Amino acid sequence: MADVFISFIHEEEEVAEAVQTFVSKVLPRKADVFLSSDTWQIYAGELWLERVVDELKQAKVIILMLSPVSVGRPWVNFEAGGAFFTSKRMIPVCFGGLSKGSMPKPYSNFQAVDLESEEDQYYLVRSVCHHLDKLMISPPPPPPEHMLKLMPESEKLRAPYRELRIALDRYGKRTGKVTEAS
């Protein structure tokens, strides 16, 4: 079972997969990150909804992928409600034109991150690490690119941030949503 569950809508799968990869690469310890569309995590013959519910119940942290489209869809709201009523730690992740300041209730009650911001990307993994570290102590994740300029090993540490930026840019081009760093 996963430590982190990512809730998203199908049309935004590319960004959700990029967040899954980013979190997995940047966290200082191995964390299982569940994404319901990942065929390496759900196998043919499994009951999909049953597996999603089991993963949601077991996850320690729920990442809610929130865009102007997804906040109006029942699936993300359904998973968020399930997480809320089981006292899961939820992290709203805004992208695609939705800002932290424009999140609808009840999402706006939670401390959120803006996926377009490198500082908030770091804040996301630092927050996930914090919530998981209640179970296991580990060092903080590496910082984003502008904080790494003086570190000799910085090229390796910058790669996950660049990969996430590429996925956000592709999403922006596909949907017509121009991203902050584009």
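Just the residues that are at pLDDT 85 or above and buried (at least 16 other Cβ atoms within 10 Å of the Cβ), please, taken from the range 26-45.
Val33, Phe34, Leu35
Being without any contact (Cβ under 8 Å) to a residue 24 or more places away in the chain and touching a strand residue (DSSP E or B) at 6+ places or on another chain (Cβ under 8 Å): is that true of Lys100 here?
Yes; evaluated as a whole, the condition is true for this residue.
Would you mind finding the one in Val53, Val69 that is touching a residue at least 60 places away in the same chain (Cβ under 8 Å), of a type outside the set (Asp, Glu) and touching a Gly at 6+ places or on another chain (Cβ under 8 Å)?
Val69
With respect to Arg29, is the statement that it is without any contact (Cβ under 8 Å) to a residue 40 or more places away in the chain and not hydroxyl-bearing (Ser, Thr, Tyr) true?
no
Of all residues being among the acidic types (Asp, Glu) and not in a loop (DSSP other than H, G, I, E, B) in the range 150-177, which is modelled with the lowest pLDDT? Just the residue, please.
Here the answer is Glu155.
Among the residues of the range 88-110 satisfying the criterion of being within 14 Å of the chain's Cα centre (by Cα) and in a loop (DSSP other than H, G, I, E, B), which is nearest to Val26 (Cα to Cα)?
Of everything passing the filter in the range 88-110, Phe95 is nearest to Val26 (Cα to Cα).
Got at least one residue in the range 62-77 being farther than 22 Å from Gln111 by Cβ, hydrophobic (A, V, I, L, M, F, W, C), at pLDDT 90 or above and surrounded by 14 or more Cβ atoms within 10 Å (Cβ to Cβ)?
So far as the range 62-77 goes, yes, one or more of its residues are farther than 22 Å from Gln111 by Cβ, hydrophobic (A, V, I, L, M, F, W, C), at pLDDT 90 or above and surrounded by 14 or more Cβ atoms within 10 Å (Cβ to Cβ).
Every residue, every condition in (1) farther than 16 Å from Pro160 by Cα; (2) modelled with pLDDT of 90 or more; (3) charged (D, E, K, R); (4) surrounded by 13 or more Cβ atoms within 10 Å (Cβ to Cβ), yes or no:
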position: Met103; (1), (2), (3), (4): yes, yes, no, yes
position: Asn109; (1), (2), (3), (4): yes, yes, no, no
position: Glu116; (1), (2), (3), (4): no, yes, yes, yes
position: Val128; (1), (2), (3), (4): no, yes, no, yes
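Determine which member of the set Phe22, Phe34, Phe5 is of a type in the set (Phe, Trp, Tyr) and free of Cβ contacts under 8 Å to residues at least 60 places away in the same chain.
None of the others qualify; the one that does is Phe34.
Can you tell me which residue among Glu55, Glu12 is within 26 Å of Glu116 (Cβ to Cβ), modelled with pLDDT of 85 or more, of a type in the set (Asp, Glu) and surrounded by 17 or more Cβ atoms within 10 Å (Cβ to Cβ)?
Glu12
The values are calculated or read from the model by the stated rules, or taken from the named source; none is laboratory data. Just so we're clear, the structure is a prediction, and the values are computed from it rather than from any experiment. In this analysis, Cβ positions are derived from the backbone assuming ideal geometry, glycine residues included, and neighbour counts consider all displayed protein chains.
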